[in-house]
Amino acid sequence: MIISLNWLKKYVDLDGISDEKLAEKIGSHLVEVESFYKTTDKYRGIYVVKVMQSQPLDGSDHLSVCLVDDAGVMNNPDIERDENGLVQVVCGAPNVREGMLAAWIAPNATVPATFGTKEPFVIGTKKLKGVESNGMLAATDELNLGADHAGILEIDENLATAGESFAEVFGLNDTLFDIENKSLTHRPDCFGVIGFAREVAGIFGKEFQTPEFMLNEGRVLPPEASDLRLELVVEDEELCPRYQATILEINNNFGGISPATHIKEFGAPIVMSGMRLIDPIVDISNYLMLLTGQPLHCFDYDKLLKVGGRAENYPVKIVVRAAKKGEKIKLLDGSDLVLDTSDIVICSNEKPVALAGVMGGESTAIDENTKRIVVESATFNLYKLRDTSMRHGIFSEAVTRFTKGQPMALTDKVLKETVKIFTENYGFKLISPFFDTMSERIEHNPIELTVTEVNRLLGTDYTAELIKETLANVNFSVANMGERIIARTPYWRTDIHIKEDIIEEIGRQNGFDDIAPTLPMRFFESPNADKLYDLKSAVRAKLAAFGANEILTYSFVSEKLLKKTNLDPKNSYQIINSISPELQYVRQSLTPNILEKVFLNIDDGFDNFALFEINKVYQKSYNLGGDGLPNERD
């Protein structure tokens, strides 16, 4: 997962904190930062220029000779200027014209779309049909900010002036933090910039104000007069705890803001987060997903009607259900899937149109002819989606977030913000009410703990005031009554259930590394000897002394490996949500794992070595323990 520093700074004051310090603190308090890097070089040498003159090039049916004003910022003696200080550029775009602002890739700069590739394209000064061109005026795709190559990017006059750095204007000079997000599996809120920024604010003791739309129920303008309605049916709430949707009418040509403003407001953060720009509708959905952690999906309303076999005067019937075995669907990426009963599908009437939480279907994709859209905001069973993702090998940004367990309270807030952006920025019309399968309000029960319990468990001497401030910094509602503290978790903290979770949060926010290490009192007592522990230690010491290497392997094995080592898979417990399709059984012996490592070592050319492992195994023949879990043996 990529986190943009520019985006973080919109929600927490990080002035005076170096990138190194930020990465260090995030790593010690929240999650490992694998690396961080600046994007400065990618857009170096690209400037906003004003086209002062544009004339057709003699002998060409599409080229124009332009004179551009860069306010003299490119101090390069190799660039020829006329008596007015203007630079000559030959341009093949049909929309180039006198008076417009454009992005100029100056000589010796790299075309951003090729930056970091094996063959980066460095722009030079060359002649086109005998006319010298200094650099180029760039299209959106060449700037790596979308797929449009129909013409050069036109920059609004209210966004920039000639001579400004293109990267500075559009927020493309950034520091990107590459986050190892596996350890954030229990923190769905941190898969959105707002949640991540909230954590950073807490770590540095900074004030953080959650955006208004994330806190309150949110209000949108009432829909315009329309007979359009949706009928929502969730066949099993275990599969889909909450499903919301509404209908919007698209303004012609999307109306609203220009392509350049779209890039500045919404596109740049998406690109900096490692995703590509597609079109305004998909981009806004992705923007809000990256911002909040809540994925969205948009369907073509009229295609939903057609696929579901319903007439214009009938409401679209959206059904969320388990897929039928052997059912088929074609996804947006063109792939054809054969479904299983573990998959969840979104249907128009009874026809599947999307693989829930993973990817939309081709049959209801939005295109240039789309007039009305259905915007979906929902939560799905994370375990089912994890199984679906693994089985079909689809690891989209959406399913990555859904499999962390998005809170039900978030769907409404993000749907309302989506409608607000589309109506206020793009001129769309809300033409239906909000439809929702959940009627009850979600409440978090308060959790009570004491200052003594906090300090006893953490080995600290925190005061009640510090504890209250720590929790309040990350938006917990806290009542402090002397020794007693009552905390109510915010809706986005789905990982908090018991007081020990709260105590861990207090320790983490203040920094586990800052807690003075002290030996527990039991170390000063005389514990009973653990004979098995002593035996393991002695065996390890002996084998290591004779040159053997201890290995630690996964507790999971494939069916193929069990059979190869003459073990019956029927005596192994099968994993419902395996981490890989190849690791679906719990091991009943260490032999398969060790032999696999023996093979790898021989394959690498080693013929004289010793390996050993001391670990636990599980067999159905050991039966279940009193807690209903498999008995394990050393």
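Yes or no: residue 369 open to solvent by 10 Å² or more (accessible area, probe 1.4 Å), free of Cβ contacts under 8 Å to residues at least 24 places away in the same chain and out of contact with any Ser or Thr (no Cβ under 6 Å at 6 or more places or on another chain)? Steps first, please.
Working: open to solvent by 10 Å² or more (accessible area, probe 1.4 Å): yes; free of Cβ contacts under 8 Å to residues at least 24 places away in the same chain: yes; out of contact with any Ser or Thr (no Cβ under 6 Å at 6 or more places or on another chain): yes.
Criteria met by residue 369.
Pairs needed: first member in region 1-25, in a loop (DSSP other than H, G, I, E, B); second member anywhere, open to solvent by 50 Å² or more (accessible area, probe 1.4 Å) and of a type in the set (Lys, Arg); C-beta distance under 9 Å; at least 6 residues apart or different chains.
Listed pairs, sorted by first residue: 12/206; 13/206; 14/206; 15/9.
Which condition number does residue 128 fail, the rest of (1) at pLDDT below 95; (2) within 30 Å of the chain's Cα centre (by Cα) being met?
Every condition holds for residue 128 apart from (2).
Suppose we filter 487, 545, 516, 529 for residues that are exposed (fewer than 12 other Cβ atoms within 10 Å of the Cβ) and modelled with pLDDT of 90 or more; which single one remains?
The unique qualifying residue is 545.
Which ones in region 31-54 are out of contact with any helix residue (DSSP H, G or I) (no Cβ under 7 Å at 6 or more places or on another chain), open to solvent by 20 Å² or more (accessible area, probe 1.4 Å), more than 17 Å from residue 3 (Cα to Cα) and assigned to a strand (DSSP E or B)?
50, 52, 53, 54
Out of all the residues in region 430-465, which are under 19 Å from residue 512 (Cα atoms) and either within 30 Å of the chain's Cα centre (by Cα) or surrounded by 15 or more Cβ atoms within 10 Å (Cβ to Cβ) (or both)? Quick ask: steps written out before the conclusion?
As a first pass, look at region 430-465 and keep what is under 19 Å from residue 512 (Cα atoms): 451-465.
Of everything in region 430-465, those that are under 19 Å from residue 512 (Cα atoms) and either within 30 Å of the chain's Cα centre (by Cα) or surrounded by 15 or more Cβ atoms within 10 Å (Cβ to Cβ) (or both) turn out to be 451, 453, 454, 455, 457, 458, 460, 462, 464.
For (1) in contact (Cβ under 8 Å) with a residue 24 or more places away in the chain; (2) assigned to a loop (DSSP other than H, G, I, E, B); (3) not hydroxyl-bearing (Ser, Thr, Tyr), each residue gets a yes or a no:
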residue: 471; (1), (2), (3): yes, no, yes
residue: 485; (1), (2), (3): yes, no, yes
residue: 490; (1), (2), (3): yes, yes, yes
residue: 493; (1), (2), (3): yes, yes, yes
residue: 504; (1), (2), (3): no, no, yes
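I need a count of the residues in region 85-118 that are in a loop (DSSP other than H, G, I, E, B) and either touching a strand residue (DSSP E or B) at 6+ places or on another chain (Cβ under 8 Å) or open to solvent by less than 10 Å² (accessible area, probe 1.4 Å) (or both).
Of region 85-118, the ones in a loop (DSSP other than H, G, I, E, B) are 85-86, 92-100, 106-109, 111, 115-118.
Keeping just the survivors that are either touching a strand residue (DSSP E or B) at 6+ places or on another chain (Cβ under 8 Å) or open to solvent by less than 10 Å² (accessible area, probe 1.4 Å) (or both) gives 85-86, 92-93, 95-100, 106-109, 111.
The total comes to 15.
Here is a yes/no grid of residues against (1) modelled with pLDDT under 90; (2) closer than 28 Å to residue 386 by Cα:
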position	(1), (2)
563	no, yes
570	no, yes
575	yes, yes
580	yes, yes
599	no, no
624	yes, yes
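Cβ-Cβ below 7 Å, separation at least six or inter-chain, first residue in region 617-634 and in contact (Cβ under 8 Å) with a residue 12 or more places away in the chain, second open to solvent by 50 Å² or more (accessible area, probe 1.4 Å) and of a type in the set (Lys, Arg): which pairs?
617/633; 632/616; 633/616; 634/616
Out of 437, 470, report the one residue that is touching a strand residue (DSSP E or B) at 6+ places or on another chain (Cβ under 6 Å) and not charged (D, E, K, R). Show your work before the answer.
Numbers: 470 fails: touching a strand residue (DSSP E or B) at 6+ places or on another chain (Cβ under 6 Å).
Exactly one residue qualifies, and that residue is 437.
On the given criteria, is residue 170 farther than 30 Å from residue 496 by Cα and out of contact with any strand residue (DSSP E or B) (no Cβ under 8 Å at 6 or more places or on another chain)? If you could, list the steps in order and put the result at the bottom.
On the way: farther than 30 Å from residue 496 by Cα: yes; out of contact with any strand residue (DSSP E or B) (no Cβ under 8 Å at 6 or more places or on another chain): yes.
Answer is yes for this residue.
Could you please find all residues in region 448-459 being under 16 Å from residue 507 (Cα atoms) and touching a residue at least 24 places away in the same chain (Cβ under 8 Å)?
Hits for region 448-459 are 449, 450, 451, 452, 453, 454, 457, 458, 459.
Restricting attention to region 460-482, report how many residues are touching a helix residue (DSSP H, G or I) at 6+ places or on another chain (Cβ under 8 Å) and closer than 13 Å to residue 510 by Cβ.
Residues that pass the stated criteria total 10.
Which one is surrounded by the most Cβ atoms within 10 Å (Cβ to Cβ) among residues in region 571-602 that are out of contact with any Leu (no Cβ under 9 Å at 6 or more places or on another chain) and under 21 Å from residue 547 (Cβ atoms)?
Per the criteria, the residue is 590.
Here is a list of conditions, (1) surrounded by fewer than 18 Cβ atoms within 10 Å (Cβ to Cβ); (2) basic (Lys, Arg); (3) touching a Leu at 6+ places or on another chain (Cβ under 8 Å), and residue 384 meets all of them except one; can you say which number that is?
Unmet condition: (1).
State whether one or more residues within region 59-72 are of a type in the set (Ser, Thr, Tyr), open to solvent by less than 50 Å² (accessible area, probe 1.4 Å), closer than 30 Å to residue 272 by Cβ and outside any loop (DSSP other than H, G, I, E, B).
So the first thing to find is which residues in region 59-72 are of a type in the set (Ser, Thr, Tyr), and the list is 60, 64.
Keeping just the survivors that are open to solvent by less than 50 Å² (accessible area, probe 1.4 Å) gives 60, 64.
If we keep only those that are closer than 30 Å to residue 272 by Cβ as well, we get none.
No, every residue in region 59-72 fails to be of a type in the set (Ser, Thr, Tyr), open to solvent by less than 50 Å² (accessible area, probe 1.4 Å), closer than 30 Å to residue 272 by Cβ and outside any loop (DSSP other than H, G, I, E, B).
Between 316, 307, which is open to solvent by less than 40 Å² (accessible area, probe 1.4 Å) and of a type outside the set (D, E, K, R)? Please lay out each step first, then the result.
On the way: 307 fails: open to solvent by less than 40 Å² (accessible area, probe 1.4 Å).
Residue meeting the stated conditions: 316.
The values are calculated or read from the model by the stated rules, or taken from the named source; none is laboratory data. Everything quoted here is computed from the prediction, not taken from an experiment. Neighbour counts are summed over all protein chains in view; Cβ atoms, including those assigned to glycine, are modelled from backbone coordinates with ideal geometry. These accessible areas exclude ligands, DNA and RNA; they are computed on the full protein's heavy atoms, side chains included. Shrake-Rupley method; radii C 1.70, N 1.55, O 1.52, S 1.80 Å.
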